[in-house]
There are 2 protein chains.
Amino acid sequence: MRIGELAAATGATPRALRHYEQAGLLTAERAPGGYRVYSHGAPARVRNIRCLLGLGLTLEDVRFFLPCLDGDVTQASPSPEGLAVARRRLAVLDARIAAQGAVRGRLAEALEERAGEGCCAG
Amino acid sequence: MRIGELAAATGATPRALRHYEQAGLLTAERAPGGYRVYSHGAPARVRNIRCLLGLGLTLEDVRFFLPCLDGDVTQASPSPEGLAVARRRLAVLDARIAAQGAVRGRLAEALEERAGEGCCAG
DNA sequence: TCGGACCCTGCCGCCGGCGTGAAGGTCAAG
DNA sequence: CTTGACCTTCACGCCGGCGGCAGGGTCCGA
């Protein structure tokens with residue numbers, strides 16, 4: 001299948017697919033004319049990539065899951081490195097959420113108490 | 001006072017102060033040699049800018065607070081626009097936090113249930 | 001007069017996941 | 001042969017708040 005079909009099948013854009021390839025997450029044969037030709041298992045692979053991205057991982061992170069992105073993805077256990085990466089990413093997410101929550105709290109408080117006067121306690 | 005002094009007095013870097021000026025949040029006279037010369041009230045102004053930034057506002061947002069960044073900041077009531085901006089920003093923060101919380105939840109869940117098998121339910 | 005601390009403007013880099021052209025090649029249908 | 005859909009690579013734009021460097025000027029003390 002060609003890039004447009006793969007895109008339609010996965011919800012990604014052709015541009016995104018090329019991006020994944022450049023990131024080393026996706027490979028393709030080439031037709032004589034230069035067109036990318038994807039294998040039978042490509043759609044599943046792409047869906048798995050996008051799933052991991054949706055979990056908050058980066059393209060860099062997803063590399064550690066390469067071994068388990070092939071074929072029947074619902075099997076193959078992820079590598080220990082993959083788990084470690086995911087856990088670290090989880091910690092990063094937690095930290096980020098906590099920081100933003102603190103900011104949000106301060107802003108909300110400022111909005112409340114400044115019903116009276118002063119735009120900032122600086 | 002010159003930029004280095006203002007920086008030392010406020011915790012900002014000279015680079016950041018020039019950035020605020022470029023964003024239209026800060027003004028300075030010029031000494032004959034071209035050096036920026038800041039007024040008496042500049043430190044307070046900068047501290048207020050940084051306070052608002054710390055609340056999660058952007059430089060763009062802070063513009064709406066310009067009228068109340070002068071001199072004695074603990075007075076002067078913020079403009080209605082300023083309030084509206086702050087509230088909108090609060091909503092943005094809420095949305096972002098909610099989205100990241102959802103992501104975090106999915107990742108955590110994936111990590112838990114995948115103690116057994118399958119790296120992604122795709 | 002010279003060194004060195006301080007300042008100036010201007011511009012690219014960063015982080016991430018692509019979007020959006022530009023400029024051109026390929027292929028099947030009419 | 002031509003149209004037009006699809007593909008190729010290359011390369012900049014974005015968002016935000018600066019960091020950091022280049023290349024040069026200013027000013028003060030010794």
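Where a number appears in this text, it was derived from the coordinates with a stated rule and is not lab data. None of these values were measured; they are calculated from a predicted model. Positions of Cβ are generated from backbone atoms using ideal geometry, with glycine treated the same way; all protein chains shown enter the neighbour counts.
What to note about this one:
- The same position residue A:99 in the other copies lies at 1.7 nm from this copy, comparing label points 7 Å beyond Cα toward the beta-carbon, shortest first.
- Teacher prompt: residue A:40 distances to equivalent labels in other copies, 7 Å Cα→Cβ, nm: 8.3
- Using the Cβ-Cβ distance between residue B:40 and residue B:13 with R0 set to 25 Å, the FRET efficiency works out to roughly 0.70.
- Inter-chain shielding of A:92-101 (mean C-beta neighbours from other protein chains, 10 Å cut-off): 4
- Other copies of residue B:5: label-to-label distances in nm, shortest first, labels 7 Å along the beta-carbon direction: 7.3
- Amide N of segment B:1-21 lying under 18 Å from the label point, which is placed 7 angstrom from the Cα of residue B:31 along Cα→Cβ: B:1-10, B:14-15, B:17-18
- Ranked by how many other Cβ atoms sit within 10 Å of their own Cβ, fewest first, the residues B:2, B:50 fall in the order B:2, B:50.
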